[in-house]
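Here is the structure we will look at, set down as structure tokens.
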Amino acid sequence: MSTADLDIGKEALVSIGAKFTMSAFGFVGVMIFARVLGNAGVGRYYVALSIALMLVRVSAGLGNAIKKRVSEVETGSSEYLGLGLAFHALYVGGVTAAFVALLPALPVQGITADDVLGIVLVFSTVGSFQILNRFYAGIGFPGRSFWIDTVRSVVTLAFQLVLLLLGMEAFGILLGLAIASAITAVVVAVVSGVRPALPSRETFAYTGEFARWSIPTSVVNDVYKRADPLLIWWFVGTGAVGFYETALRLVLPASQLTASISNPLEVKVSGRSSLGKGVREDVANAMTYAGLLGIPMFFGALALPDVLMRTFFGSGFGEGGEALVGVALFYVFYIYQLPLESAINGTDRPELTFRVNFAGLLVHVPLAVVLAQRYGLLGVIGATLVAEVLMFFAFQYLCRELFGGTIFPTPIAAQTVSGLAMFAVISEVRAVVALDYWLPVIALVGLGAVVYFAVLAVASSHFRLTLANVLGPVYEQVLARRGRSEG
């Protein structure tokens with residue numbers, strides 16, 4: 001099947017299952033890390049992880065370029081895979097040499113030699129996995145690529161828990177991630193069924209046309225994302241980083257859903273645009289459900305900020321409730337950018353997404369520095385909110401130029417109304433129920449979810465139709481399999 005004919009709904013459904021499973025395991029891990037290491041220990045881990053993942057973005061950016069090229073109709077793949085692996089090997093060698101040269105200057109602001117070793121191991125193995133898994137998505141398997149990433153999360157948590165029990169603390173958590181990434185990189189290399197080949201000059205040049213924008217975009221994107229914990233660490237301390245990162249994990253499922261939609265969207269848009277076909281309808285459908293979870297998560301955080309932090313991460317994290325509200329709010333604007341960015345990249349215009357993300361970084365960092373000095377953790381979060389709002393409107397402006405108008409479908413209004421109804425119910429129940437134990441908190445969160453989706457089903461005919469179109473075929477397949485097994 002051509003990538004131009006990819007079923008986004010089916011691929012998104014497969015991806016959602018993978019992403020939510022991955023998110024669940026990751027969340028359990030963060031809960032355990034928080035209780036074992038405390039907010040300062042968790043903060044140290046995330047500082048080292050932030051540095052490692054910033055380094056990964058160079059290879060991830062090349063992976064995006066490779067995904068774009070192999071997703072085009074009638075494009076070979078072996079040389080693109082060979083190019084990606086060779087580049088990453090050279091990159092790892094150069095960065096490792098630089099770290100070895102810097103070792104005599106350690107420790108710096110709490111970063112030790114063990115942390116540096118963990119950083120090198122993580123960025124080298126995760127970078128290899130990113131190249132291979134994005135290649136696999138580009139050849140027509142975006143949903144399966146998410147499930148492979150999910151396997152990586154499960155294996156990661158298993159190794160991390162073992163190493164944590166052995167007393168290796170933050171370094172053990174980094175090492176567990178590196179081991180799991182190496183194992184799953186081998187797995188995806190096998191299941192892709194493609195043997196890497198030496199790239200020709202044409203392959204190198206064609207990839208370079210996209211990579212010269214996708215690599216800077218990936219780096220800028222990650223510098224932007226990692227700037228928050230690094231600035232919080234510098235101006236406030238590792239304890240505040242612990243509050244920020246744990247709050248982020250509570251709202252992460254919202255972006256997991258959006259990524260599950262955006263990844264197959266980019267592959268399909270790439271295929272269709274390579275044939276000269278229109279893509280606006282696909283982009284609009286993706287935007288419709290980008291915030292399906294982000295909106296209720298914001299209203300839930302607004303209703304139960306300290307309760308959620310305290311219940312999931314321990315009593316010492318209750319002070320991070322205000323951070324949770326701020327993070328949930330800027331996440332709403334962030335997730336509505338993901339489908340637009342994927343669509344623009346899919347139409348072979350990576351320079352536009354680079355300019356938007358670079359502009360966001362230029363706004364965010366100076367503003368965050370100023371606000372952090374005055375307001376600490378909340379100042380950094382406020383700067384992120386301002387940058388996310390500006391980037392959202394920038395992407396909408398690009399939609400006018402590329403897709404014939406802004407794209408913000410009307411069903412989003414029904415989702416907002418449903419979120420407000422959920423907030424009202426949770427606020428009323430909270431006033432009469434003691435939430436000093438995890439069971440009533442979970443019950444109240446569940447009640448909020450029921451209210452949100454019930455109101456949405458009543459208010460949005462589009463949502464009802466989508467449920468029928470997506471879940472209907474799945475239900476029919478289950479019945480068919482049951483009938484065959486009984487027969």
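Side notes on the structure shown:
- Shape metrics for region 330-452, restricted to C-alpha atoms - Rg then Dmax, Å: 19.0, 55
- Here region 266-356 is treated as a sphere whose radius is the Kirkwood value from Cα pairs; by Stokes-Einstein at 4 °C and 1.567 mPa s it diffuses with a coefficient of 86 µm²/s.
- All Cα pairs of the chain, percent lying beyond 31 Å: 44
- By the helix-only formula, in which each DSSP H run with n ≥ 4 contributes -39500 (n - 2.57) and the sum is divided by residues, the chain has a 222 nm mean residue ellipticity of -29500 deg cm²/dmol.
- For region 108-266, the Kirkwood estimate of the hydrodynamic radius, built from every pair of different alpha carbons, is 17.9 Å.
- For the chain, a crude dipole built from +1 on the beta carbon of Lys and Arg and -1 on the beta carbon of Asp and Glu, taken about the Cα centre, is about 420 debye to the nearest 20.
- Charge-dipole axis of region 162-303 as Lys and Arg at +1 and Asp and Glu at -1 on Cβ define it, positive-most pick from F171, F298, G193: G193
- Remark: region 224-317 is approximated by an ellipsoid whose semi-axes, taken from the C-alpha gyration tensor as √(5λ), come to 36, 17, 9 Å, largest first.
- Semi-axis lengths, largest first, of the ellipsoid equivalent to region 392-469 are 34, 16, 10 Å, with √(5λ) applied to each eigenvalue of the Cα gyration tensor.
- With a cut-off of 12 Å between beta carbons, the residues surrounding I335 carry a summed charge of -2, where Lys and Arg count +1 and Asp and Glu -1.
- Helix screen, the chain: DSSP H segments with Cα axial length of 27 Å or more and mean Kyte-Doolittle hydropathy at least -1.0 are 8-71, 78-102, 113-138, 142-165, 169-192, 201-235, 238-274, 350-375, 377-402, 411-430, 438-459, 461-486.
- Carbon + sulfur, % of accessible area of region 153-195 - ligands and nucleic acids excluded, 1.4 Å: 75
- Highest mean first, the peptides 55-66, 365-376 sorted by other C-beta atoms within 10 Å per residue fall in the order 55-66, 365-376.
- Close amide H contacts of F408 (hydrogens built in the peptide plane, cut-off under 5 Å, sequence separation of 5 or more or a different chain): none are found.
- Counting all C-alpha pairs of region 204-261, share separated by more than 14 Å (%): 69
- Potential lengthening of the chain between V36 and L465 amounts to 149.9 nm, from the contour at 0.36 nm per residue minus the alpha-carbon distance.
- Compactness ratio for region 312-368: Cα radius of gyration over 2.2 N^0.38 Å (N = residue count) comes to 1.56.
- Within the shell of other residues whose beta carbon sits under 15 angstrom from the beta carbon of M422, the net charge comes to 0, with Lys and Arg scored +1 and Asp and Glu -1.
- Packing rank of 345-352, 294-301, where each peptide gets the mean count of other beta carbons within 10 Å, highest leading: 294-301, 345-352
- Nonlocal amide H pairs with F403, under 5 Å, H built at 1.01 Å: none
- From largest to smallest, the equivalent ellipsoid semi-axes obtained for region 26-100 from the alpha-carbon gyration tensor read 34, 18, 8 Å.
- Environment charge at T288 (Cβ cut-off 12 Å; Lys +1, Arg +1, Asp -1, Glu -1): -2
- Student exercise, region 333-460 dipole from Lys, Arg, Asp, Glu Cβ charges, in Debye to nearest 20: 160
- Taking every protein chain into account, the accessible area of region 289-369 amounts to 30 square angstrom per residue (probe 1.4 Å).
The values are calculated or read from the model by the stated rules, or taken from the named source; none is laboratory data. This structure is a prediction, so every number in the text was calculated from the model and none was measured. Virtual Cβ from ideal backbone geometry, glycine too; neighbours counted across all protein chains shown. Keep in mind that these areas ignore ligands, DNA and RNA; they rest on the heavy atoms of the full protein, side chains included. Shrake-Rupley method; radii C 1.70, N 1.55, O 1.52, S 1.80 Å.
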